[in-house]
Amino acid sequence: MRDRISMVVFVLVLGSILTSALVAVDYYTAPLIRKNEALKTKMRVLDALGIPYTEESIEKEFSENVKADSVKWAKFYISTDGNIAFEMAGSGLWGPISGILALSSDLETIRGISIIHQEETPGLGGRIAERDFLDRFRGKKITPELKIVKPGKASANNEVDGITGATSSSKAFESIINSQSKEYISLFRGGG
């Protein structure tokens, strides 16, 4: 009986010590994590808007070239040359996809796209985060609706060549872009 009590006390004391250690580490690292996430978002906004920066100049370039604004629940990033960007997020094939979509001031032409997070299959759907794929969107129209088509088949100004072997991820990405752009543009124009 005494051994059991000793074991229970030991487990409780050890559990309390480890829990306290985890809480302390979380308390210390939470602000650093938030700061790094904010910096990553600023980098992706600059990428999508096509504003050059270096690792040392991210904060400076962002503050000089981009103004953050909110409309209702939506956050917009407006560049000094009138382009807008906003965060987009939705479900991919295997997990969430989030990124930044930048549009020219006409609110129809894609200026750029950058990915913040994705969980698609590496080497297949995960290629949606590769610069080569994202660059295909530059200058494309989102009206009436953006379409990701089979590789080599894009011909219209609203069509983008997809990724071989990643049809489902491409279609999920297309859906995110179309639904989010409509929603954000409506809010930005004051109709939301």
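The values are calculated or read from the model by the stated rules, or taken from the named source; none is laboratory data. These figures come from a predicted structure and were not determined experimentally. So basically every Cβ, Gly included, is an ideal-geometry build from the backbone, and we count neighbours across all protein chains shown.
Observations on the model:
- S57 loosely packed, with under 12 Cβ neighbours inside 10 Å and either farther than 30 Å from F137 by Cα or among the small types (G, A, S) (or both): no
- Answer from G50, G99 - the residue that is farther than 17 Å from I148 by Cβ and touching a strand residue (DSSP E or B) at 6+ places or on another chain (Cβ under 6 Å): G50
- Residues of the stretch 167-181 satisfying the condition of being surrounded by 14 or more Cβ atoms within 10 Å (Cβ to Cβ) and either farther than 16 Å from L93 by Cα or touching a residue at least 60 places away in the same chain (Cβ under 8 Å) (or both): S168, S169, A172, F173, S175, I176, I177, N178, Q180, S181
- Test: S181 is closer than 18 Å to G112 by Cβ and out of contact with any helix residue (DSSP H, G or I) (no Cβ under 8 Å at 6 or more places or on another chain): yes
- Considering the stretch 18-71, the residues that are touching a residue at least 60 places away in the same chain (Cβ under 8 Å) and not hydrophobic (A, V, I, L, M, F, W, C) include one that is farthest from S105 (Cα to Cα), namely K40.
- Of the residues E159, E183, E119, the single one that is closer than 23 Å to W73 by Cβ and modelled with pLDDT of 90 or more is E183.
- A residue that is more than 20 Å from I115 (Cβ to Cβ), surrounded by 10 or more Cβ atoms within 10 Å (Cβ to Cβ) and not aromatic (F, W, Y) occurs somewhere in the stretch 71-78.
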